[in-house]
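These notes are about the structure you will find just below.
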Amino acid sequence: MSEQLEKLIAELYESVETERLFSETLSKIVTYLGAAQSHLCLLGKDNSSIGLNFTANMDPSFLDEYHQHYVNIDYRLKLITKSPVGAVMTDDQFNTKEGLRSSPIHHDLFPRYDVNRIMGSNITADGRLGWFGVTSVRKDGTFSKEVMEDFSRLVVHARKALQLRQLRMETGERELVHRSSNDAPTHGVIMLANGETEYVNQIAQDILDLGFVRIQNGRLVCRNPREQKKLDAVHRRVRNGEAPLVRLLDSKTNTTYAVQVFNPLPRFVDGRLEPARWVTYKIVVLNPQDILSPRTLDRISQFFGLSGSESAAIAAVIALQPLSDYSRVKGVQQDTVRKQLKSAMTKMAVNSQKQLFQVYERFKVFE
């Protein structure tokens, strides 16, 4: 991979932080590939609105006119969306003879906006339709093998950069909603910059003082080896642009920690993705008494006609108490507790503990 191509890929990831840089980077990509125009986009969740949309060297009115008059008659879309994600195609693969002969896209729209030969890829991500394409300078232009190979490398990282940008936007929206509805902080926040502790709020400091988790070598670690493996797995997932949530259990105190990790801006260095220069952790301590509402539990028990033992069994699950601990405290066989839990879930018409939690959350509205 050339040094210039590596720099372009790095700039794609830098654009995640500063959205306007996407178009600037696209312009550089167009120049590097010897192309004329470029279009990079990812639709919204409903796939009917544009979520992220960037162009280079393209008349702004082209997309407006296309979406207003041509998108509903564009026969190529079905072929493109059915193509493998990330596969590089030229218009020979998504045009048809009948389309070339009769479609006003080829005979009216493209000629007016100097859209010549097209090379592109389906970059659908997370259920959102996406496209990354470039056009040739000449009407009879072709794309060399080398250019197609470089474009193929760019496609992978352009798609990932859009995913990361979308994640940044959604995370920001969630944070805005959270701040507007909660004046007082409800969770611990730890920010690390270049492996050094940049910020720790008081809730996070109180959690660290408990000793179950701590900051070591530029990341959050856990004193329990089994739970540490969960954190290791989460840190690997974060490098792919995810914001995973992990449950850590301190069996000595029966305390559950919910931890979410953000690494929103990885860097592309020496041909590979490297962790971001800063990482954020959100931590919430979940004690059974914190998350279990007796009033809500009573309403569920009355509504579904649960017995006392069945109600107590689902209460243990909702309180994140291991059934082995619950059965030992109650002085009953663990198999008996499982039967009570199964009976309760049958009455409630739920098939998993996840669905049980969902029912509990919905019934909290009746408090």
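Derivation of every value follows stated rules applied to the coordinates shown; laboratory data play no part. For clarity, every value in this text was computed on a predicted model and none was experimentally measured. We place every Cβ from the backbone using ideal geometry, glycine too, and count neighbours over all the protein chains shown.
Data table
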{"item": "Other-chain or far-sequence residues with amide H under 5 Å of THR255's (modelled H)", "result": "ASP250"}
{"item": "Modelled FRET efficiency - R0 30 Å, ASN201 with SER324, Cβ distances, 0.05 increments", "result": "0.30"}
{"item": "GLU227, GLU198 arranged by Cβ crowding within 10 Å, fewest neighbours leading", "result": "GLU198, GLU227"}
{"item": "Sites ASP298 and LEU210, calculated FRET efficiency, Cβ-Cβ separation with R0 41 Å, nearest 0.05", "result": "0.80"}
{"item": "Estimated distance in nm for a label pair at ASP92 and VAL71, the labels positioned 7 Å out from Cα along Cα-to-Cβ", "result": "3.1 nm"}
{"item": "Max mean-square fluctuation residue, GNM over the chain, Cα-Cα springs under 10 Å, options ARG219, ARG101, ARG237", "result": "ARG101"}
{"item": "Among (1) 26.7, 82; (2) 21.6, 66; (3) 20.3, 63, the entry derived from the coordinates for Rg and Dmax of the Cα atoms in Å", "result": "(1)"}
{"item": "Residue-by-residue Karplus 3J(HN,Hα) for the stretch 91-105, coefficients 6.51, -1.76, 1.60, Hz, glycine and proline x", "result": "5, 4, 8, 10, 9, 10, 4, 5, x, 5, 7, 10, 6, x, 4"}
{"item": "Under 5 Å, built H, 5+ apart or other chain: amide partners of GLU198", "result": "MET191, LEU192, ALA193"}
{"item": "Taking the chain and dividing mean pair separation by its residue count, relative contact order in percent (alpha carbons under 8 Å, at least six apart)", "result": "13 percent"}
{"item": "Relative counts (whole %) of C-alpha pair distances in the stretch 30-131, using bins that are 10 Å wide", "result": "13, 48, 37, 2"}
{"item": "Residue among ASP92, ASP232, ASP140 with the largest mean-square fluctuation in a Gaussian network model of the chain, springs linking Cα atoms under 10 Å", "result": "ASP140"}
{"item": "Of GLN321, GLN163, GLN68, the one that fluctuates the most in a GNM where the chain has Cα springs shorter than 10 Å", "result": "GLN68"}
{"item": "Residues TYR281, TYR326 arranged by fewest to most Cβ contacts within 10 Å", "result": "TYR326, TYR281"}
{"item": "Net lengthening on full extension, LEU245/PHE366 (0.36 nm per residue, minus Cα-Cα)", "result": "40.8 nm"}
{"item": "Theoretical gain in end-to-end length, TYR113 to SER307 [0.36 nm per residue, Cα-Cα removed]", "result": "62.6 nm"}
{"item": "Difference of contour (0.36 nm per residue) and Cα-Cα distance, MET148 to SER352", "result": "68.7 nm"}
